[in-house]
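Here is the structure we will look at, set down as structure tokens.
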Amino acid sequence: MPQPPSPYDFLPAVASFEVRSDDVAEGQMLPMPQVSGIFGAGGEDRSPHLAWSGAPDGTQSYAVTCFDPDAPTGSGFWHWVVYDIPASCAELASGAGNAEGSGLPDGAKQLRNDAGLSGYLGSAPPAGHGPHRYMFAVHALNVASLPIDESVSPAICGFNMFGTTLARALITPVYEQG
């Protein structure tokens, strides 16, 4: 079966900048804290540490998302969406994406993920489905605030980022259950 495309393959090309993590690594298996306990995969649903640098001039805010394009839904699965992160912020601590968002910077907001829960939901692909990609993206936006509220879907957030995204930084770990 061919690998589903990235959602970013369908958007205009934008510049890139640097993102790193103390918790997750490009192409490497997600550690158990970033795996789902809520969905029964034995993890902790703990959002990973993310730090970024090199965003372009004109960046007024950031959004951070986590998307699994390999979920067997026909439309992927949004695990985490944070938006209106102030431009002065360049790092989210591990666990910042808890349900209350208590570790997020002032002004940042979280949407409900595709499970209908606020905050980060760890990986829990179906056993035997093979490796899934978890695309953690930091989006540098040319607006200080998106014209949405916390009741919208991740897709609507993405629509509102269209045309305001100056650059995007990606780190894509994987996870599979035997």
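When G58 is tested against the conditions (1) touching a Leu at 6+ places or on another chain (Cβ under 9 Å); (2) assigned to a loop (DSSP other than H, G, I, E, B); (3) within 19 Å of G122 (Cβ to Cβ), the lone failure is (3). Looking at segment 19-34 only, could you name the residues that are open to solvent by less than 20 Å² (accessible area, probe 1.4 Å) and either part of a strand (DSSP E or B) or touching a Gly at 6+ places or on another chain (Cβ under 7 Å) (or both)? Answer for segment 19-34, where residues must be open to solvent by less than 20 Å² (accessible area, probe 1.4 Å) and either part of a strand (DSSP E or B) or touching a Gly at 6+ places or on another chain (Cβ under 7 Å) (or both): just Q34.
Residues in segment 114-127 that are in a loop (DSSP other than H, G, I, E, B), farther than 20 Å from V19 by Cβ and either hydroxyl-bearing (S, T, Y) or open to solvent by 10 Å² or more (accessible area, probe 1.4 Å) (or both): D114, A115, G116, L117, A124, P126, A127. Please go through segment 35-55 and pick out each residue that is open to solvent by 40 Å² or more (accessible area, probe 1.4 Å) and in a loop (DSSP other than H, G, I, E, B). I38, F39, G40, G42, E44, R46, G54, listed by residue number. Looking at P86, P72, just one residue is within 18 Å of A144 (Cβ to Cβ), surrounded by fewer than 22 Cβ atoms within 10 Å (Cβ to Cβ) and more than 13 Å from the chain's Cα centre (by Cα), and that residue is P86. Within the option set G95, G74, being on the phi > 0 side of the Ramachandran plot, in a loop (DSSP other than H, G, I, E, B) and either modelled with pLDDT under 95 or in contact with a helix residue (DSSP H, G or I) (Cβ under 6 Å, 6 or more places away or on another chain) (or both) holds for one residue only, G74.
The values are calculated or read from the model by the stated rules, or taken from the named source; none is laboratory data. Here the structure is a predicted model, which means the values were calculated and not measured. Note: ideal-geometry Cβ built from the backbone for every residue, glycine included; neighbour counts use all protein chains shown. Remember, those area values only see protein heavy atoms, side chains included, never the ligands or the DNA or RNA. Shrake-Rupley method; radii C 1.70, N 1.55, O 1.52, S 1.80 Å.
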